[in-house]
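This report concerns only the one structure given below.
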Amino acid sequence: MARPSSAVAMATASSPLVTTHARWASGVSSMISSQKRWMSGTVPLSRPATATPDSEPAAAASTPDSTIPKTHYDFFPITLPDGPPPKGHFPIDQRALRREFLRLQAKAHPDMHPAELKTRAEATSARINEAYKTLSNPLLRAQYLLSLRGVDVANDETLKVEDPELLMVVLEAREEIEEATAESELEGQREANEGRIRASEEVLETAFRHDDIETAKREAVNLRYWVNIQESLNNWEAGKPIVLQH
């Protein structure tokens, strides 16, 4: 009986190794593809149907095209599952918002992504920062919600306080801040102003709930004065004049 040639014998002997190598290469390729899909969706950008404080947003597994947020609220599905008013509320739990913001930024940080995804991660991180800055400030939040309804109160210089009593309160607060010689003298004014801000937030909550744009616009103007007083109190220095923006 003729013996098989050496070439045939080598090919026959090596076929199990070839098969094993092919399977290994296929497995590695699958792992790399899975990792790339995971990395492209690590930052949640859309609001899931349900969420709990310990859960991660469902959008992490979504494709990039389906995870583009429509509003700043969509970045924070755990803290703000109902989105903006009228379905959601105007007041926001600031501690919860801060916690979710820090988690999002940790996941979106460019250093946590491969080189090919760094640009996208940087853009996402910037948008998360802007969303947090806006929502954590009641005035910016009110102006943003009005802008979603086509009303620009942030850049409208014609909007002024119409209530003479409110204007008097603003002027008296300014005088008290300027004349203070010690920060302890401003504690009463600080507490009073915090109450004014809470009252404005309650008015805005009702206005946005009922889509009362005129009331929301008017109260946003009032809130601009209260926030300005708050900033003056926070930045107080003896003898330093203050400027209340209108």
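The values are calculated or read from the model by the stated rules, or taken from the named source; none is laboratory data. Keep in mind that what you see is a predicted model, and the values were worked out from it rather than measured. For neighbour counting, all protein chains shown are included, and Cβ atoms are generated from backbone atoms with ideal geometry for every residue, glycine included.
See the values below:
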| quantity | calculated |
| --- | --- |
| Test set (1) surrounded by 15 or more Cβ atoms within 10 Å (Cβ to Cβ); (2) within 20 Å of Thr206 (Cβ to Cβ); (3) of a type in the set (Ser, Thr, Tyr) - Thr79 fails condition number | (2) |
| Count - residues of the range 103-121 that are within 18 Å of Phe75 (Cα to Cα), among the small types (Gly, Ala, Ser) and free of Cβ contacts under 8 Å to residues at least 40 places away in the same chain | 1 |
| In the range 127-184, residue farthest from Ile68 (Cα to Cα) [restricted to those that are surrounded by 12 or more Cβ atoms within 10 Å (Cβ to Cβ) and among the hydroxyl-bearing types (Ser, Thr, Tyr)] | Ser136 |
| Residue within the range 120-134 that is assigned to a loop (DSSP other than H, G, I, E, B) and more than 13 Å from the chain's Cα centre (by Cα) present | no |
| Residue list for the range 179-191, restricted to those being touching a Phe, Trp or Tyr at 6+ places or on another chain (Cβ under 9 Å) and assigned to a helix (DSSP H, G or I) | Glu183, Leu186 |
| The range 194-221, residues that are crowded, with 20+ Cβ neighbours inside 10 Å and over 24 Å from the mean Cα position of the chain (by Cα) | Arg196 |
| Residue under evaluation Asn193, criteria (1) at pLDDT below 90; (2) under 14 Å from Val227 (Cα atoms), criterion not met | (1) |
| Residue within the range 145-159 that is farther than 28 Å from Tyr132 by Cβ and of a type in the set (Asp, Glu) present | no |
| Single unsatisfied condition, Pro91 versus (1) part of a helix (DSSP H, G or I); (2) modelled with pLDDT of 80 or more | (1) |
